[in-house]
Amino acid sequence: MRDTEIYYHGTKATLAPGDLIVAGYTSNFGKRRIARYVYLTAMLEAATWGAELAVGEGRGHIYIVEPTGPFEDDPNLTNQRFPGNPTRSYRTRDPLRVVAEVKGWIGHTPEQLTTMRERLAELDRQGVEAIED
């Protein structure tokens, strides 16, 4: 863990401090396979997309999380798609512990959400999986 960073996780799930976010459940993205990893980011912007695009009803949630084990760069967003790791996005097989919920975050505009959903739908039509486990 990098001591100076705060990590976030965006989701539609309602969680409380102390809860663990674990792998082994249906993914919120792509073909909705069983997720082998859980994802975290050091950027609130990336967590906002996660909260808004996750499967489920209602407003998303963004949590400050603490990794309980080692983590690596998220290959879904790094190197192949963006050189390096500009979104500071990571994945781990170990649980993430919820520390607190971020309150008052501001989501994307309806136009931005529509554009992103259209891009994801196009990738789906092309057979490109959003999450590569």
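The values are calculated or read from the model by the stated rules, or taken from the named source; none is laboratory data. These numbers were taken from a predicted model, which means no experiment stands behind them. Don't worry about glycine lacking a Cβ; one is built from the backbone with ideal geometry, like all the others, and counts go over all protein chains shown.
In the stretch 47-60, the residues that are within 15 Å of residue 121 (Cα to Cα) form Cβ pairs under 8 Å with partners that are basic (Lys, Arg), at six or more places apart or across chains, as follows: 53/117; 54/12; 55/12; 55/32. Taken together, 42, 23, 35 contain a single residue that is farther than 19 Å from residue 121 by Cβ, over 10 Å from the mean Cα position of the chain (by Cα), surrounded by 13 or more Cβ atoms within 10 Å (Cβ to Cβ) and modelled with pLDDT under 80, which is 35.
Number of residues in the stretch 78-125 that are modelled with pLDDT of 85 or more and basic (Lys, Arg): the value is 5. If the condition is being touching a residue at least 60 places away in the same chain (Cβ under 8 Å) and over 19 Å from residue 112 (Cβ atoms), then the stretch 37-46 contributes only 37. When residue 65 is tested against (1) among the β-branched types (Val, Ile, Thr); (2) within 27 Å of residue 125 (Cα to Cα); (3) modelled with pLDDT of 90 or more; (4) surrounded by 14 or more Cβ atoms within 10 Å (Cβ to Cβ), only condition (2) is not met.
Return the total of residues in the stretch 100-115 being within 16 Å of residue 62 (Cα to Cα) and either out of contact with any strand residue (DSSP E or B) (no Cβ under 9 Å at 6 or more places or on another chain) or surrounded by fewer than 15 Cβ atoms within 10 Å (Cβ to Cβ) (or both).
Keep residues of the stretch 100-115 that are within 16 Å of residue 62 (Cα to Cα), which gives 100-108.
The next check asks that each one be either out of contact with any strand residue (DSSP E or B) (no Cβ under 9 Å at 6 or more places or on another chain) or surrounded by fewer than 15 Cβ atoms within 10 Å (Cβ to Cβ) (or both); those that pass are 100-101, 103-104, 106-108.
The number of residues fulfilling the criteria is 7.
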